[in-house]
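All remarks here apply to the structure that follows.
The values are calculated or read from the model by the stated rules, or taken from the named source; none is laboratory data. Keep in mind it's a predicted model, so treat the numbers as computed, not measured. So basically every Cβ, Gly included, is an ideal-geometry build from the backbone, and we count neighbours across all protein chains shown.
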Amino acid sequence: MTITVHIPTALRRFTDGTETLECSAAALGELLDQLGERFPGLKQHLRDATGQVRPFLNIYVNEEDIRFLGGNDYRFQDGDEVMLVPSIAGGAPTAAVSVVVPATSANLGCAFDCAAFALNRYLKVRATPLEVPGFQVRYRGPNPDRVPEDETNLVVQAIRRAAAEAGREVGGASIEIHNEIPVSAGLGSSAAAVIAGLLLGAHLCGVEHDAATVLRLAVELEGHPDNAAAAYHGGLVLSAIQDDSDDVLTLKTPVPPDWKIIAVVPELALPTPQARAVLPERYSRADAVHNLQRTALLAASFFSGQYHLLPELFRDRFHQPYRSRLIPGLAGCLELRHPALLGVFLSGAGPTVLALVRCSGAAEIAAALSEEFRRHGVQSQALSLQPENRGAEVLQENRTSARETRASR
């Protein structure tokens, strides 16, 4: 007895391009076993971990759904034509969708774990639903050795978390990542990936999470709200986690788009967990008051629009002195003074150093910061940046899809 099995286009990459083949199986279970043995890469796309036929996979015998023929009890007849027909799981949209998320710089020196602003470097992620389960990840951008192209990728993790929040499951998607943000450099690359994944995950499931839900899930994945809030909202954002819940409280103000920001990125990676490990468990009252005073003045300056900035406002006692031990040259960078310098601080957990400058002295300040790293044997790259006030955007079919939360910002 011989039956003919037709392999659809979506599954042929797991069969080395084979379109049809003949089998001698008597029942469905035996057929799936034979296909899995012949094409090992196809096996996981036929059955789930419990051995059941994947819910996305429809099986037709002579153009009739096998479920109406008895399913596992159906006995194949000589000459049967079997077709495997994948469908997109969960009613997910068939159109590709893209998300653009800005880079961010958190802490601003004294405002440790409670402030960040967005910058004009972007993470762009395009997701295309697939007819087979699983994620295909392709990455283009800096530090590719630091970005996994499998399901451990932060974008994929966030997609799955957004889907779980909606009580749904994303069947499969091709994820194309085009990144302009240095990775593990203190410019919010992980927060951008998380926000991108959460927005994509909601869209792929056909739902729309509001701002509160997105930021709550981002904190769950990131551990703190500052970068994520600025990446989502744009501008300068102050944030706090509510004591009696996981809700994130935020307040945004735009930043003058013509400001000049110099980012000096040393050629060394400093993962956030390592940078946090050097921080003390407790601080003195004097150190706490020092940071509170400067954070209050800094926030008042931004939200009032008066921008009375000077380097003293960015001095910090909570994290920069301790992280200086991990970043050769940082201490000297933080002490740099120049008539055009408005403020200099460690960006996020580092190792990037950011300087707010007047345009007339930007080149000199960038050169001085780079030289300080070079004196300590560290090469660096200087980037000329500007504030970004728009925040994350979801794009579909070449047009922006405004989120319901946009009006409330």
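Kindly provide the set of residues from the stretch 191-215 that are within 21 Å of Tyr122 (Cβ to Cβ) and surrounded by fewer than 22 Cβ atoms within 10 Å (Cβ to Cβ), ordered by number.
Residue satisfying the conditions is Ala211 alone.
Can you say whether Ala331 is surrounded by 15 or more Cβ atoms within 10 Å (Cβ to Cβ), among the small types (Gly, Ala, Ser) and either touching a Ser or Thr at 6+ places or on another chain (Cβ under 9 Å) or in a helix (DSSP H, G or I) (or both), as far as the supplied structure shows?
Details: surrounded by 15 or more Cβ atoms within 10 Å (Cβ to Cβ): yes; among the small types (Gly, Ala, Ser): yes; either touching a Ser or Thr at 6+ places or on another chain (Cβ under 9 Å) or in a helix (DSSP H, G or I) (or both): yes.
Answer is yes for this residue.
I need the full set of residues from the stretch 48-73 which are in contact with a strand residue (DSSP E or B) (Cβ under 7 Å, 6 or more places away or on another chain), farther than 20 Å from Glu131 by Cα and exposed (fewer than 14 other Cβ atoms within 10 Å of the Cβ), in order please.
Asn62, Asn72, listed by residue number.
Quick one: which residue in Val147, Val137 is touching a helix residue (DSSP H, G or I) at 6+ places or on another chain (Cβ under 8 Å) and not small (Gly, Ala, Ser)?
Working: Val147 fails: touching a helix residue (DSSP H, G or I) at 6+ places or on another chain (Cβ under 8 Å).
None of the other options fit; the residue is Val137.
Would you check which residues across the stretch 218-253 are in a strand (DSSP E or B) and under 18 Å from Gly391 (Cβ atoms) and list them?
Taking the stretch 218-253 and keeping what is in a strand (DSSP E or B), we get 236-241, 248-253.
Hits for the stretch 218-253 are Leu236, Val237, Leu238, Ser239, Val248, Leu249, Thr250, Leu251, Lys252, Thr253.
Please state which one of Val344, Val357, Val353 is modelled with pLDDT under 95, aliphatic (A, V, I, L, M) and buried (at least 19 other Cβ atoms within 10 Å of the Cβ).
Values: Val344 fails: modelled with pLDDT under 95; Val353 fails: modelled with pLDDT under 95.
Testing whether each residue is modelled with pLDDT under 95, aliphatic (A, V, I, L, M) and buried (at least 19 other Cβ atoms within 10 Å of the Cβ) leaves just Val357.
Could you please tell me which pairs satisfy a Cβ distance under 7 Å, a separation of 6+ or placement on different chains, a first residue in the stretch 5-33 that is more than 21 Å from Gly79 (Cβ to Cβ) and free of Cβ contacts under 8 Å to residues at least 12 places away in the same chain, and a second residue that is of a type outside the set (Gly, Ala, Ser) and surrounded by fewer than 17 Cβ atoms within 10 Å (Cβ to Cβ)?
Arg12/Thr18; Arg12/Glu19
Determine, yes or no, whether Ser380 is crowded, with 22+ Cβ neighbours inside 10 Å, under 28 Å from the mean Cα position of the chain (by Cα) and among the small types (Gly, Ala, Ser). Give the derivation first.
Details: crowded, with 22+ Cβ neighbours inside 10 Å: yes; under 28 Å from the mean Cα position of the chain (by Cα): yes; among the small types (Gly, Ala, Ser): yes.
Yes; evaluated as a whole, the condition is true for this residue.
Hey, among Val82, Val99, which residue is at pLDDT 90 or above, under 23 Å from the mean Cα position of the chain (by Cα) and hydrophobic (A, V, I, L, M, F, W, C)? Talk me through it step by step, then tell me what you get.
Numbers: Val82 fails: under 23 Å from the mean Cα position of the chain (by Cα).
Residue meeting the stated conditions: Val99.
Can you tell me how many residues within the stretch 363-407 are in contact with a Ser or Thr (Cβ under 7 Å, 6 or more places away or on another chain) and either modelled with pLDDT of 90 or more or closer than 28 Å to Leu310 by Cα (or both)? Show your work before the answer.
Of the stretch 363-407, the ones in contact with a Ser or Thr (Cβ under 7 Å, 6 or more places away or on another chain) are 370, 373, 380, 382, 393-395.
Next, only the ones that are either modelled with pLDDT of 90 or more or closer than 28 Å to Leu310 by Cα (or both) stay: 370, 373, 380, 382, 393-394.
Summing the residues that are in contact with a Ser or Thr (Cβ under 7 Å, 6 or more places away or on another chain) and either modelled with pLDDT of 90 or more or closer than 28 Å to Leu310 by Cα (or both) in the stretch 363-407 gives 6.
How many residues are part of a strand (DSSP E or B) and touching a helix residue (DSSP H, G or I) at 6+ places or on another chain (Cβ under 7 Å) if we restrict to the stretch 6-51? Talk me through it step by step, then tell me what you get.
First, the residues of the stretch 6-51 that are part of a strand (DSSP E or B): 6, 20-23, 27, 47.
Then drop every residue that is not touching a helix residue (DSSP H, G or I) at 6+ places or on another chain (Cβ under 7 Å), which leaves 23, 27, 47.
Residues that pass the stated criteria total 3.
Which one of these is over 27 Å from the mean Cα position of the chain (by Cα) and in contact (Cβ under 8 Å) with a residue 60 or more places away in the chain: Arg358, Arg276, Arg375? Give the derivation first.
On the way: Arg276 fails: over 27 Å from the mean Cα position of the chain (by Cα); Arg375 fails: in contact (Cβ under 8 Å) with a residue 60 or more places away in the chain.
Only one candidate qualifies: Arg358.
Quick one: which residue in Ala230, Ala212 is at pLDDT 90 or above, farther than 18 Å from Ser105 by Cα, in the same structural domain as Lys124 (by TED's automatic domain parsing) and under 18 Å from the mean Cα position of the chain (by Cα)? Quick ask: steps written out before the conclusion?
Numbers: Ala230 fails: farther than 18 Å from Ser105 by Cα.
Every option except Ala212 fails the conditions.
If you take the residues in the stretch 254-274 that are assigned to a loop (DSSP other than H, G, I, E, B) and surrounded by 14 or more Cβ atoms within 10 Å (Cβ to Cβ), which one is modelled with the lowest pLDDT? Outline the logic, then answer.
Initially, the stretch 254-274 is screened for residues assigned to a loop (DSSP other than H, G, I, E, B), giving 254-259, 267-271.
Narrowing the set further to residues that are surrounded by 14 or more Cβ atoms within 10 Å (Cβ to Cβ) leaves 254-255, 259, 268-270.
Working: Pro254: 95, Val255: 93, Trp259: 89, Leu268: 89, Ala269: 81, Leu270: 85.
In this case the residue turns out to be Ala269.
Among the residues of the stretch 300-328 satisfying the criterion of being hydrophobic (A, V, I, L, M, F, W, C) and in a helix (DSSP H, G or I), which is surrounded by the fewest Cβ atoms within 10 Å (Cβ to Cβ)?
Step one: filter the stretch 300-328 for residues hydrophobic (A, V, I, L, M, F, W, C), giving 300, 302-303, 309-310, 313-314, 318, 326-327.
Filter once more, so that each one left must be in a helix (DSSP H, G or I): 300, 302-303, 313-314.
On the way: Ala300: 11, Phe302: 21, Phe303: 13, Leu313: 21, Phe314: 25.
Going through the qualifying residues, I end up with Ala300.
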